[in-house]
Amino acid sequence: MTRWRYAAATDIGLVRDSNQDAIHVDEGLALVADGMGGHAAGEIASLLTTKIVSEAFRDTPTVEGLSQAIQEANRAILADAKETPEHFGMGTTIVAVGITTEGDDSASPTLFNVGDSRAYQLRDGALRQLSDDHSVAEEWVRMGRLTAEEALTHPNRHQLTRALGVEDELHIDVVSIEALPGDRILLCSDGLSNELSPEALARMASAPAPLDEAVQQLVEAARAAGGRDNISVVLIEFDEVTVAAVPVKKTFRTAPPALAGAPRAGAGRHVRRRRFTWRVWAGLAFVGAVLAGGVAVVHWYAYSSYYLAPDNGMVAVYQGLPNGVLWYKPVKFLDTTYPVSQLRASDQALLTATITEPTLATALRYAAYLHDEWQLTQPVMPTTTTTSKAKG
């Protein structure tokens, strides 16, 4: 059996003009969602996610149930963005811990993660990060292309490689949590983890104080450090905990829909008469396969990346290489909601020269990042909204 106590808070910070984070916590599920997208669309994506995931998990509190709930939220965000043009490009991260049941009815904590919102485990004052950031910089750290220190200041550190609401195919990291009674789990948006060092997080999150006081101290410290983003914190502490009999550590992947009209196995075998020998047919098939393979490779290469460029005063996302490849020319994929005039002068110059990104997700994230950097240069009145909830 697994039981926990919890406290949570979300705060707008000192710079943003809206809070696009959303949180949910109860006796069986805790999650943080950090929304992204213009015109408050990120707020819609994060709220949709918390509502759909919490309700679906209540009905099916299993590893598969929570994974499917997150996939359902992804589909709902995509559908809403398709129906409402001003919501196009919205998305959200999610980091969640659910008390999942197994075949023997035992209940153990399991972590689910998409994006760069984080999960930490605290024991005896020590802090350990449980989740992997799905960002360009952190992916490069794992590949050995960057050091952890270089990633802290890299310009691609805010660009996500995974998020809900970006693509039909979604990859969800799932891992069982091995915990002891008294351990704490900290879930947070990057508005907290970007402002405070791991040492500060460990000190405040593990302080021998009521959970709601620890949460408020974390929020206030992030605001004092700059409050450049929305700040969301969920802190849980285990009273009892059961470790999964068969621990899970995998990435759940939603399969893309099958292509309509695919040829059936064995189609065409009724043709018996041949005007050529089998060797001729084999040779023709080989040549055809080589040509088709070459065309497929060129097509894949030509449209395997995205880039940002100006279009009629707006930041637009194009698919393909800026100069094209052979007869394959880049195509405009979508217009973002960000005017070019709402970028810093240096970023406008970069945009004119085109900014290449490996995926649609990173292109959208980087466009939002450029606009956010411009917003930081604009004078705003600080506004604060803080909520907290504690149990036990």
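No lab work stands behind these numbers, since they all come straight from the coordinates. Just so it is clear, the structure is predicted and the values come from calculations on it, not from any experiment. Counting neighbours? That spans all protein chains shown, and the Cβs are built from the backbone with ideal geometry, glycine included.
I want the local charge near LYS82. Using Cβ-Cβ distances under 14 Å, sum +1 for each Lys or Arg and -1 for each Asp or Glu among the other residues.
After counting each charged neighbour, the total is -4.
Using modelled amide H (1.01 Å from N, peptide plane; none on Pro or chain starts), what sits under 5 Å from the amide H of THR356, excluding residues fewer than 5 places away?
LEU308
Where does the charge balance sit around THR359 when Lys and Arg score +1, Asp and Glu -1, over other residues with C-beta under 13 Å from its C-beta?
The answer is -2.
What list do you get for GLU64, GLU213, GLU237 if you sort them by fewest beta carbons within 10 Å? Could the numbers behind the result be given before it?
Working: GLU64 11, GLU213 14, GLU237 20.
If I rank by nearby Cβ atoms, fewest first, I get GLU64, GLU213, GLU237.
Mind listing the long-range amide H neighbours of ALA119? Cut-off is under 5 Å, sequence gap 5 or more, other chains count too, H placed in the peptide plane at 1.01 Å from N.
The list, which skips near neighbours in sequence, is LEU130, SER131.
HN-Hα J couplings of the range 66-77 from phi, Karplus 6.51/-1.76/1.60, θ = phi - 60°, integer Hz, Gly and Pro as x?
Here the 3J(HN,Hα) series is 6, 4, 5, 5, 5, 5, 5, 5, 4, 5, 5, 5 Hz.
Name the residue from ALA148, SER206, LEU218 whose Cα lies farthest towards the positive end of the charge dipole of the range 3-255, charges +1 on Cβ of Lys and Arg and -1 on Cβ of Asp and Glu.
Looking along the dipole axis, the top candidate is ALA148.
Mind checking which aspartates and glutamates have their Cα closer than 12 Å to the Cα of LYS249? Skip sequence neighbours fewer than 8 apart in that chain.
ASP173, GLU178
Please give the contour-minus-distance gain from VAL331 to GLU169: 0.36 nm per residue of separation, less the Cα-Cα distance, rounded to one decimal in nm.
Contour length minus Cα-Cα distance gives 56.2 nm.
Using amide H atoms built in the peptide plane, which far-off residues or other-chain residues are under 5 Å from LEU334 H to H?
VAL317
At a Förster distance of 45 Å, what's the computed FRET efficiency of THR354 paired with ARG128, Cβ-Cβ distance as r, to 0.05?
0.65
At 10 °C and 1.306 mPa s, what whole-number value in µm²/s does Stokes-Einstein give for the translational diffusion of the range 85-136, with Rh from the Kirkwood sum over Cα pairs?
118
Mind pulling up the Rg/Rh value for the range 3-255? Radius of gyration and Kirkwood radius, both on Cα.
That ratio is 0.94, to two decimals.
Using the structure shown, select from LYS82/LYS332; LYS82/LYS329; LYS51/LYS332 the pairs with a Cα to Cα distance greater than 28 angstrom.
LYS51/LYS332
Multiplying the sequence separation of GLU55 and ASP105 by 0.36 nm and subtracting their Cα-Cα distance, what value in nm do you get?
Length gained, GLU55 through ASP105: 16.0 nm.
At a Förster radius of 30 Å, what calculated FRET efficiency corresponds to the Cβ-Cβ distance of ASP372 and GLU150, to the nearest 0.05?
0.90
Which order results if PHE333, PHE252 are arranged by neighbouring Cβ count within 10 Å, fewest first?
In increasing order of surrounding Cβ atoms, one gets PHE333, PHE252.
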